[in-house]
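Read through the structure below, which is laid out as structure tokens, and then see the notes.
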Amino acid sequence: MKIGVLVSGSGTNLQSIIDFCESDRIVEVAVVISNRADAYALKRAESKGIPTRIVSHRDFPDRAEFDRELIRILNEFGVELVALAGFMRILTGEFLKAFPGRVMNIHPALLPSFPGLEVRQAAIDYGVRFSGCTVHFVDEGVDTGPIIIQAVVPVFPDDTEEELKHRILKQEHRIYPHAIKLFAQCMLRIEGRKVFIKDNNKDESQWMTNPSL
Ligand code: GRF
């Protein structure tokens, strides 16, 4: 299955996806698109010979035109699943219609708590005991789509943002490739807000809180 990865920054999640693709050859990163020319993620892709494109949102009059260019490139590369990995733009409904049920995101908190930006510091400041990360399908809201997998980490009272970030990123790099693999194996079924994961040992999809990662 061909995936397109949209990035804006350092691309550690992209790296975990690339590493997964190398070890488990059911998924191929067909193209990496960044809206920022200086994103280190581009270098990670280039070093593996993966095609990259820079599409700056500043070059387009509005979000619709920007998204149309993204759709054009993703279709050109035959992309079947779009994975957002630190992509700092909100996608239009038109984009989501072009890839219905085929856009995933990773968020560094346990949704629906702490959607949006600067969420790790917000979790520390709030005094929560646990945070984590969420892989979800993307809908038209901000971090509101159906949840596929979550992972939990402890939050300590003296945590710095950097410490919590590293603790969460470790889990992100584990669950994002796993969610992509489940999708590639047609093991995910969306029903309203819920995502059911097919159990290989049974005919039916199961409601699994902890798919064997
Ligand atoms: C991650 O924390 C991810 O959860 C969020 O953006 C960050 C991207 O980090 N969506 P990286 O570029 O993958 O290192």
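The values are calculated or read from the model by the stated rules, or taken from the named source; none is laboratory data. Fair warning: this is a prediction, and the values are worked out from it, not measured in the lab. Methodologically, a virtual Cβ is constructed for each residue, glycine included, from the backbone with ideal geometry; neighbour enumeration extends over all protein chains shown. Side chains included, ligands, DNA and RNA excluded: accessible areas come from the protein's heavy atoms. Shrake-Rupley method; radii C 1.70, N 1.55, O 1.52, S 1.80 Å.
What the table shows:
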| quantity | calculated |
| --- | --- |
| Elements of type strands (runs of 3 or more DSSP E) in the stretch 22-122, at least 1 residues being within 26 Å of I190 (Cα to Cα) | 28-34, 81-84, 103-107 |
| Count - residues of the stretch 67-90 that are among the hydrophobic types (A, V, I, L, M, F, W, C) and more than 16 Å from V31 (Cβ to Cβ) | 2 |
| Residue within the stretch 161-176 that is away from the ligand (no atom under 12 Å from the Cβ), in a loop (DSSP other than H, G, I, E, B) and modelled with pLDDT of 95 or more present | no |
| Of residues in the stretch 82-93 being more than 12 Å from the ligand (Cβ to nearest atom) and either charged (D, E, K, R) or closer than 26 Å to L42 by Cβ (or both), the one most open to solvent (accessible area, probe 1.4 Å) | I90 |
| Test: S56 is polar (S, T, N, Q), farther than 25 Å from H178 by Cβ and surrounded by fewer than 20 Cβ atoms within 10 Å (Cβ to Cβ) | yes |
| Positions within the stretch 123-146 being open to solvent by 50 Å² or more (accessible area, probe 1.4 Å) and either in a strand (DSSP E or B) or over 19 Å from A83 (Cβ atoms) (or both), in sequence order | D125, Y126, R129, F130 |
| Hits in the stretch 37-49 - residues which are within 16 Å of the ligand (Cβ to nearest atom) and surrounded by fewer than 17 Cβ atoms within 10 Å (Cβ to Cβ) | A37, D38, Y40, K43, E46, S47, K48 |
| Complete set of residues in the stretch 22-36 that are without any contact (Cβ under 8 Å) to a residue 40 or more places away in the chain and away from the ligand (no atom under 15 Å from the Cβ) | E22, S23, R25, E28 |
| Members of the stretch 1-21 found to be part of a strand (DSSP E or B) and open to solvent by 10 Å² or more (accessible area, probe 1.4 Å), listed by number | K2 |
| Candidate set: the stretch 148-173, residues that are open to solvent by 40 Å² or more (accessible area, probe 1.4 Å) and in contact (Cβ under 8 Å) with a residue 40 or more places away in the chain; chosen: the one nearest to L188 (Cα to Cα) | Q150 |
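Condition check ((1) in contact (Cβ under 8 Å) with a residue 24 or more places away in the chain; (2) farther than 19 Å from D143 by Cβ) across all residues:
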{"residue": "P61", "(1), (2)": "no, yes"}
{"residue": "G101", "(1), (2)": "yes, no"}
{"residue": "N105", "(1), (2)": "yes, no"}
{"residue": "F114", "(1), (2)": "no, no"}
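Each row is one residue, and each column tells you yes or no for (1) over 24 Å from E22 (Cβ atoms); (2) open to solvent by less than 20 Å² (accessible area, probe 1.4 Å); (3) modelled with pLDDT of 95 or more.
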| site | (1), (2), (3) |
| --- | --- |
| P51 | no, no, yes |
| L70 | yes, yes, yes |
| V79 | no, yes, yes |
| F95 | yes, yes, yes |
| P108 | yes, no, yes |
| F114 | yes, no, yes |
| E118 | yes, no, yes |
| Q121 | yes, no, yes |
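Matching residues to (1) touching a strand residue (DSSP E or B) at 6+ places or on another chain (Cβ under 8 Å); (2) under 13 Å from I3 (Cα atoms):
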{"residue": "I18", "(1), (2)": "yes, yes"}
{"residue": "D38", "(1), (2)": "no, no"}
{"residue": "E46", "(1), (2)": "yes, no"}
{"residue": "R53", "(1), (2)": "yes, no"}
{"residue": "D59", "(1), (2)": "no, no"}
{"residue": "D62", "(1), (2)": "no, no"}
{"residue": "F66", "(1), (2)": "no, no"}
{"residue": "F77", "(1), (2)": "yes, yes"}
{"residue": "V82", "(1), (2)": "yes, yes"}
